[in-house]
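The values are calculated or read from the model by the stated rules, or taken from the named source; none is laboratory data. Note that this is a predicted model, so its numbers are computed, not measured. Cβ sites come from the backbone with ideal geometry, for glycine too, and all protein chains shown count toward neighbours. Heavy atoms of the whole protein, side chains included, go into the accessibility calculation; ligands, DNA and RNA do not. Shrake-Rupley method; radii C 1.70, N 1.55, O 1.52, S 1.80 Å.
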Amino acid sequence: KVIIDMRDYVAGMLDDFEPMQHLRTTDISPTPAEADLFDIGNGMPLDKRMAEQFHTTVAKGLFLCKRARPDIHLAIAFLCTRVREPTWVDRGKLVRMMRYLNGTRADVLTLSVDDPHIIHWHVDASFAVHPDFRSHTGGVMTYGQGAIQSVSRKQRLNTRSSTEAELVGADDNATKILWTKLFMECQGYKITSNILFQDNKSAILLETNGQKSSSKRTRALNIRYFFLADQVAKGNLEIKYLPTDAMWGDYMTKPLQGALFQKFRKAIMGMEN
């Protein structure tokens, strides 16, 4: 049996990443990404060796964010979209994330449970933020403090409004949301509430009422986005409103800065202070 201390894993990532070898341990960044994360700019392409190192480091970061550091998930999700043709601009964003890890290398994910019978999912979407105007989905599953599961990924289709992007985001997370309920019940925990929180009231109406809340503007939506309304009717899911300033999913869709970043980071990592 092999046990990996993820703090050692972070240290290894930093040691292997060439730009970090010239920096001091005090060279840190306050957040994993600057506010312009989704701006790809006009940077020159990296040469083959640097492109390979870029790809390798992003892959390591993807493993890390899925296992122990969901606080870097958004930055990694974007960098994953750039591994085929990375530029110097992309490399700068990777260095920014690595500098953040340099300053938080001792941090650990701590999970706590308020009630094992109630699952909370925070799901959000940022509308048309990618260069091809696709939106970005984010989601966090928790039992109290700490992200047990997190989702941060580019949507696979273009949407025409923030409400439509929120619908796609909810559908992107639907499989995990429903599978998690079934998995926990198979472990002997009867789930009394499987709650999906969102901060868009129009999307919530569509997801709970389905065709009854559809208008001419939304009729063109693919019928699969009314799948959630069916799950609500069957009692497999509850959908509730949560203000944006309390929405953990916001962390997975926007490169937050300052106090709001710190607030959500502490919640997602399960930190008391």
How long are the three semi-axes of the equivalent ellipsoid for the stretch 168-211, computed from the Cα gyration tensor as the root of 5 times each eigenvalue, in whole Å, largest first? 24, 11, 9
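What full-extension length gain, to one decimal in nm, is calculated for Arg49 and Arg67 as 0.36 nm per residue of separation minus the Cα-Cα distance?
Extending this stretch completely gives an extra 3.7 nm.
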May I ask for the angle, rounded to the nearest 10°, between helix 6-16 and the longest principal axis of the chain, with both axes built from Cα atoms and the value confined to 0 to 90°? 50 degrees
Relative contact order for the chain, counting Cα pairs under 8 Å that sit 6 or more residues apart, in percent: 22 percent
Counting Lys +1, Arg +1, Asp -1, Glu -1, what net charge surrounds Gly138 among other residues with beta carbon under 9 Å of its beta carbon? 0
Determine the gain in length on full extension of the stretch Gln257-Ile28; use 0.36 nm per residue of separation and subtract their C-alpha separation, reporting nm with one decimal. 81.0 nm
Taking the Cβ of Lys240 as the centre, find all other residues whose Cβ is under 15 Å away and add up their charges (Lys, Arg: +1; Asp, Glu: -1). -4
With a 1.4 angstrom probe the carbon and sulfur portion of accessible area for the chain, in percent, totals 54 percent
Viscosity 0.692 mPa s, 37 °C: Kirkwood-radius Stokes-Einstein D of the stretch 79-161 over Cα pairs, µm²/s: 212 µm²/s
If one compares the long axis through the Cα atoms of helix 88-103 with the longest principal axis of the Cα atoms of the chain, the angle in degrees, nearest 10, works out at 90 degrees
C-alpha center-to-center spacing [the stretch 55-133, the stretch 223-273] in angstrom: 16 Å
Point-to-point label distance, Asp245-Arg156, nm (Cα→Cβ direction, 7 Å offset): 3.7 nm
Checked against the positive end of the charge dipole of the stretch 95-174 (+1 on Cβ of Lys and Arg, -1 on Cβ of Asp and Glu, about the Cα centre), the farthest of Asn102, Ser112, Gln149 is Asn102
List the pair-distance distribution P(r) of the stretch 1-92, using every Cα-Cα distance, as the percent of pairs falling in each 10 Å bin from 0 up to the bin containing the longest distance, rounded to whole percents. 15, 47, 33, 5, 0
Provide, for q = 0.07, 0.10, 0.17 Å⁻¹, the log10 of I(q)/I(0) from a solvent-free Debye sum over equal Cα point scatterers in the chain. -0.27, -0.54, -1.33
Could you name the lysines in cross-link range of Lys154, using Cα to Cα under 26 Å and dropping any fewer than eight places away on the same chain? Lys48, Lys60, Lys66, Lys93, Lys176, Lys181, Lys201, Lys240, Lys254, Lys263, Lys266
